[in-house]
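A short worksheet on the structure shown next.
Only the coordinates and a few stated rules stand behind these numbers; no lab work does. Every value quoted in this text rests on a predicted model; they were computed, and no experiment measured them. All Cβ positions, even for glycine, are placed from backbone atoms using ideal geometry, and neighbour counts span all protein chains on display.
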Amino acid sequence: MLGIEAVASFVPENMIDNLEQADRFGAEREFVEKKIGVSRLPRLREDESVAYGCVEAFKTLAKTNAVDIDKIDCLVVCTQNPDSGGLPHNSAILHAELGLKEECACFDIGLGCSGYVYGLSIIESFMQANGLKNGLFFTCDPYSKILNPEDKNTCLLFGDAATVTLISDRPKYVRAAAKFSTRGAGREALEKVDGHLTMNGRAVFNFALMDVPKQIKSLLELEALSVTDIDLFLLHQGSRFMLENTIKRAGIPADRAPIELSQTGNTVSSSIPILLEKRLDDMPGVILMSGFGVGLSWASAIYTQNF
Amino acid sequence: MHREEAAKIVIEVLEDNVLDLEITEDMMDQTLVDIGVDSLDVMLVMMDIQEKSGVPISDDKADELNTPRKIVDFILDS
């Protein structure tokens with residue numbers, strides 16, 4: 001059975017002080033710190049790419065885990081802001097950067113904040129279907145490259161990061177169930193217009209608070225579980241206020257759903273694996289992940305410890 | 001819906017969602033910003049009021065409804 005063996009992340013050292021940024025936009029520091037919940041925002045430098053971030057994440061993975069590079073037979077990258085406009089697909093660039101063998105499947109996935117939950121299921125299923133044993137699933141979506149510097153709603157929120165998840169036949173966690181949803185009619189809530197990200201904060205907020213709890217409850221029902229059967233809820237770290245209220249509406253015990261975006265901001269598809277990396281060694285028995293955003297797209301999955 | 005009922009919904013939602021807020025009659029015509037409801041609170045307040053009153057509030061309308069009394073009036077007129 002295939003599943004998650006290890007996770008590592010890269011958060012750029014280059015940081016924006018979000019409170020100073022708040023001053024520039026005329027926003028209250030307390031509002032930015034306590035409601036948005038973001039004090040610092042990591043940023044890839046101008047000359048740093050998706051491939052760079054992913055390679056750095058891989059270096060961290062290789063430091064703490066025995067990764068046999070010659071055995072990697074699948075590599076997937078999830079991003080909506082790929083290097084070179086996505087041509088070639090960034091997984092091919094990474095294939096070269098990491099020096100992987102030719103007998104290795106590589107492809108990209110273009111999803112935003114639901115990308116980690118989707119991507120895990122895609123790579124696991126693809127590998128399972130094709131008899132592959134060792135895969136790398138990368139997330140890196142530097143929204144900083146498409147932010148409008150005059151738009152405080154997005155500039156105060158998004159941070160850059162990269163992660164890599166090692167998928168193997170020696171998993172610590174395996175997928176028990178998942179649910180996927182899309183509302184294309186609501187796609188204007190988050191889209192790229194004239195090269196810049198635009199966001200209808202209210203539409204995103206309503207979506208997160210109304211639809212995400214429903215999907216989580218539906219997934220729990222599918223598995224005949226209650227919120228108390230879940231040891232750890234890893235929800236996409238959109239903003240503190242949105243998360244607090246989504247957690248409340250889903251009836252999730254607050255102490256089982258970490259909110260940690262103060263030093264990263266909203267890192268899109270990297271937010272869930274950044275949380276997971278820190279908790280894998282604690283070995284929570286049952287984990288529920290939920291990612292939601294651009295699309296509108298939302299996905300939730302339950303992973304259980306593999307004994 | 002009677003005015004008292006609409007006012008009760010609006011006041012309860014505001015007080016439930018904004019820490020330490022207690023709405024008095026003289027605050028009904030003050031702007032939400034002036035009574036300490038920030039832009040994120042407004043999103044939550046509008047969503048809860050929609051759910052509790054059954055009256056949909058569009059984005060444009062939500063921007064116009066900037067005092068408690070305006071929200072009450074909008075519920076009654078809908």
Practice task
Set the Förster radius R0 to 30 Å, insert the Cβ-Cβ distance between A:Asn148 and A:Phe180 as r into 1/(1 + (r/R0)^6), and round the FRET efficiency to 0.05.
Solution key: 0.50
Practice task
Among the GluC sites (Glu not before Pro) in the stretch A:128-192, which ones are in a DSSP loop with at most 11 other Cβ atoms within 10 Å of the Cβ? Mind listing them?
Solution key: A:Glu150
Practice task
Run down the aspartates and glutamates and flag those whose C-alpha is under 20 Å from the C-alpha of A:Lys217, throwing out any fewer than 8 positions away in its chain.
Solution key: A:Asp229, A:Asp231, A:Glu244, A:Asp255, B:Asp48, B:Glu51
Problem - Full-stretch length increase - A:Glu188, A:Glu221 - with 0.36 nm per residue and alpha-carbon distance subtracted - result: 8.8 nm
Completion exercise
Percent of all alpha-carbon pairs of the stretch B:3-77 at distances over 19 Å, whole number, is 20
Practice task
Could you size up the charge dipole of the stretch A:3-171 around its Cα centre, putting +1 on the beta carbon of Lys and Arg and -1 on that of Asp and Glu, and report it in debye to the nearest 20?
Solution key: 320
Exercise for the section: Could you compute the FRET efficiency for A:Asp229 and B:Glu51, with r as their C-beta to C-beta distance and R0 at 22 Å, rounded to 0.05? Expected result: 0.20
Exercise for the section: Quote the charge dipole size of the protein assembly as shown about the Cα centre in Debye, to the nearest 20; the model charges only the Cβ of Lys and Arg (+1) and of Asp and Glu (-1). Expected result: 1220
Fill in the blank from the handout: In nm, the gap between the two label points placed 7 Å beyond Cα toward Cβ at A:Glu97 and B:Asn66 is 4.7
Completion exercise
Between the modelled labels at A:Glu28 and A:Met283 (7 Å from Cα along Cα→Cβ) the distance in nm is 4.6
Exercise for the section: Between B:Glu22 and A:Ala66, with labels modelled 7 Å along Cα→Cβ, what's the label distance in nm to one decimal, could you check? Expected result: 6.6
Completion exercise
Between the residues B:Leu32, B:Phe74, B:Ala7, the Cα farthest towards the positive end of the dipole of the stretch B:3-77, that dipole coming from +1 and -1 charges on the beta-carbon of Lys, Arg, Asp and Glu, is from B:Phe74
Handout entry: Exposed-site-free run, longest, chain A (rule: trypsin sites (Lys or Arg not before Pro); DSSP loop; at most 12 other C-beta within 10 Å)
Key = A:102-307
Practice task
Let me know the Rg and Dmax you get for the stretch A:170-271 when you use only its Cα atoms, in Å.
Solution key: 15.0, 46
Exercise for the section: For chain A, go through all pairs of different Cα atoms, get the mean of 1/r, take its inverse, and jot down that Kirkwood value in Å. Expected result: 19.3
Fill in the blank from the handout: Along the dipole axis of chain A (charges at Cβ: +1 for Lys and Arg, -1 for Asp and Glu; origin at the Cα centre), the most positive-end residue among A:Thr228, A:Gly3, A:Ala176 is A:Thr228
Handout entry: the protein assembly as shown - mean residue ellipticity at 222 nm from DSSP helices (-39,500 (n - 2.57) per run, n ≥ 4, rounded to 500)
Key = -11000 deg cm²/dmol
Fill in the blank from the handout: Restricting to lysines and to Cα separations under 29 Å from B:Lys61, and discarding same-chain partners fewer than 8 apart, the set is A:Lys34, A:Lys35, A:Lys152, A:Lys192, A:Lys214, A:Lys248, B:Lys8, B:Lys52, B:Lys70
